[in-house]
Amino acid sequence: MPEEMPATVEATVDSGEAAVTGAAEIIAEAGGAEAWYSLGSLLDKGGPIVAILLVLSVISAAIILLKIFQFWSAGLSRRSFVDPAVDRIEAGDAAGALDILRKHKTPLARAMAAGVRAKVRGDLRDEDVAAEINRVGAMELGALQRYLRWLEVIGNISPLLGLLGTVIGMIQAFQRLEEAGSQVDPALLSGGIWVALLTTAVGLIVALPAITALNLLEGKIDQVRLSMRDASARVIAALHARPGASAAKAAK
């Protein structure tokens, strides 16, 4: 037994050196190779499906930036003009209320101004005033919702395109495995699998920002919609509170 120990130790050392050398070679190759997430590698490995997903990602990013600029420039969070305008309407100063509302280029201000102008143009019913506010409000909300459907479509189809690319890649990998016959190389199968999974990863990366932005933007639009409903009710109530409104109603 003591005579065999040196040979065993020597064999162990040789195995360890071989393992370290092999690991070093693998690391060197990995370091010199192009990262999977680089643009050239994505297009080379992923094929046309990844190219389509990259185009969709550019469209999604452009829409998100456009909507952020639109929402910011529209001043959707500004509501400081509501109370002064309602006070002017209650005081019977419709012209003063319109002057206040014209200074604020927001969807809410334009909807309120439409209701005030509808009442100034003629002795309309409350339903007509509310309908005018709703009409203008619907147009304003429609402008805010423009292009959001594209974000929804991109968020829905990107994972499906990625999954389609993965399925196609898996089919090709198993076809190559079948062609290899009895001389099966595990690296051939593993390489085909990770390349196939690449399209699913890209699809999810494209879909996540689109879906997140869509939900956040729609939440902001819902807040504007609620503000318009509240403003419509307040404008109608203020019109009833105008001086002489009760007397005119009694005369009718």
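Before moving on, here are some points about what is shown:
- Applying the criterion of being of a type in the set (A, V, I, L, M, F, W, C) and buried (at least 18 other Cβ atoms within 10 Å of the Cβ) to the residues of the range 222-235, the residue that is nearest to the chain's Cα centre (by Cα) is Val224.
- Residue in the range 161-168 that is polar (S, T, N, Q), within 27 Å of the chain's Cα centre (by Cα), part of a helix (DSSP H, G or I) and at pLDDT 85 or above present: yes
- Qualifying residue in the range 113-121 (condition: touching a Lys or Arg at 6+ places or on another chain (Cβ under 9 Å) and surrounded by fewer than 17 Cβ atoms within 10 Å (Cβ to Cβ)): no
- Of all residues in the range 63-78, exactly one satisfies the criterion of being open to solvent by 80 Å² or more (accessible area, probe 1.4 Å) and of a type in the set (Lys, Arg), namely Arg78.
- Meets criteria (modelled with pLDDT of 60 or more and either touching a Leu at 6+ places or on another chain (Cβ under 7 Å) or more than 25 Å from Gln223 (Cα to Cα) (or both)) for Gly32: no
- Number of residues in the range 135-165 that are under 30 Å from Glu90 (Cα atoms) and touching a helix residue (DSSP H, G or I) at 6+ places or on another chain (Cβ under 7 Å) equals 4.
- Number of positions in the range 154-179 that are open to solvent by 60 Å² or more (accessible area, probe 1.4 Å) and more than 15 Å from Val202 (Cβ to Cβ): 8
- Checking each residue in the range 42-62 for being under 19 Å from Ala196 (Cα atoms), open to solvent by less than 30 Å² (accessible area, probe 1.4 Å) and at pLDDT 90 or above picks out only Leu53.
- Residue selected from the range 79-104 under the condition part of a loop (DSSP other than H, G, I, E, B) and either modelled with pLDDT of 85 or more or of a type outside the set (Lys, Arg) (or both), by the criterion most open to solvent (accessible area, probe 1.4 Å): Lys103
- Close pairs from the range 54-71: first in contact (Cβ under 8 Å) with a residue 40 or more places away in the chain, partner surrounded by fewer than 17 Cβ atoms within 10 Å (Cβ to Cβ), Cβ under 6 Å, at least 6 apart: Ile63/Tyr147; Ile63/Trp150
- Residue in the range 217-238 that is small (Gly, Ala, Ser), out of contact with any Asp or Glu (no Cβ under 7 Å at 6 or more places or on another chain) and at pLDDT 90 or above present: yes
- In the range 105-123, of all residues being without any contact (Cβ under 8 Å) to a residue 24 or more places away in the chain and not in a loop (DSSP other than H, G, I, E, B), the one that is farthest from Val224 (Cα to Cα) corresponds to Arg121.
- Contact map, the range 73-102: first residue β-branched (Val, Ile, Thr), second residue open to solvent by less than 20 Å² (accessible area, probe 1.4 Å) and modelled with pLDDT under 85, Cβ cut-off under 6 Å, separation 6 or more or different chains; pairs are Val86/Ala238; Ile89/Ala238.
- Residues (in a helix (DSSP H, G or I), open to solvent by 40 Å² or more (accessible area, probe 1.4 Å) and either over 30 Å from Leu53 (Cβ atoms) or not hydrophobic (A, V, I, L, M, F, W, C) (or both)) located in the range 133-153: Asn134, Arg135, Ala138, Met139, Arg149, Glu152
The values are calculated or read from the model by the stated rules, or taken from the named source; none is laboratory data. What you see is a predicted model, and the numbers here were worked out from it, not measured in a lab. When we count neighbours, we look across all protein chains shown, and the Cβ atoms used for this are built from the backbone with ideal geometry, even at glycine. Note: areas computed on protein heavy atoms with side chains; ligands, DNA, RNA excluded. Shrake-Rupley method; radii C 1.70, N 1.55, O 1.52, S 1.80 Å.
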